[in-house]
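Readers should treat all values here as calculations from the given coordinates under stated rules, not as data from a laboratory. Nothing here was measured: the structure is a model prediction, and the numbers come from that model. Counting neighbours? That spans all protein chains shown, and the Cβs are built from the backbone with ideal geometry, glycine included.
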Amino acid sequence: MRNILIPAAAALMMASAPVLADQAIGLGPQVSIFSLYARGYYFTAPTDFTITGVKSLTAASYGTQNIEVLKINTALTPYDPSVNGDFDAIKSNAFSVLGLYLNNATPGYIATSIVVHTGDIIGILGDRGGATSYASGAPYATSIAGNAVSLYRLGFQDLLSNSPAFDIFTEVPSNSTRYGRISFTYSTGGGGGGTVPEPASWALMIIGFGCIGSALRHRSGLRLPA
């Protein structure tokens, strides 16, 4: 009977261990649909994490998804027509592509594994069937793994189905606060943002450890301190 206590207790502990589910970035509600060009947002990563999925929300369309994830190498200069009327002058190509997903028929999140480090400036552009769900309020206050982060408007004057992004830009809030609602899920691994075990889970795990210790103490020829 004692021979089955250890595997039984181990199974009990595994069943009671908390599962760390991926989390989704919080976005504002839809205020309109934009269908001319690719839109999205950018932010500065407040912690290390991995982007595990991306999705252009179906509030805009149920067509195929086009999404591009960028690492922006230098801070963008916002377009401010009251200061400089040359829109082309503030556009930037100082970025690298971390992920490009074109004409993807996946209805939900497209699986990714994009590693992001603290301080990285990450941009996400996209559409679904040529349309983007717009939210307002950029810079929009949200969080990643419990860390505050702001989402800033990001644009590209074409659709990704026509061309990967180039000449990306942002704008001062007085010019526009709308941003594309491209969602992503993320995992922080061993870092913050994970699920804290409930008291019942802790109790089951403690029972499991107790069962293993009891079984080991009573095995023939084995002496362990109490």
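The ranking of Leu159, Leu76 from fewest to most other beta carbons within 10 Å of each one's beta carbon is Leu159, Leu76. Ordering Thr74, Thr44 from the fewest to the most neighbouring beta carbons within 10 Å gives Thr74, Thr44.
By the count of neighbouring beta-carbon atoms within 10 Å, fewest first, Arg128, Arg178 end up ordered Arg178, Arg128.
Work through the residues other than Phe156 whose Cβ is under 12 Å from its Cβ and net out their charges, Lys, Arg +1 and Asp, Glu -1. Taking every other residue near Phe156 into account, the sum is -1.
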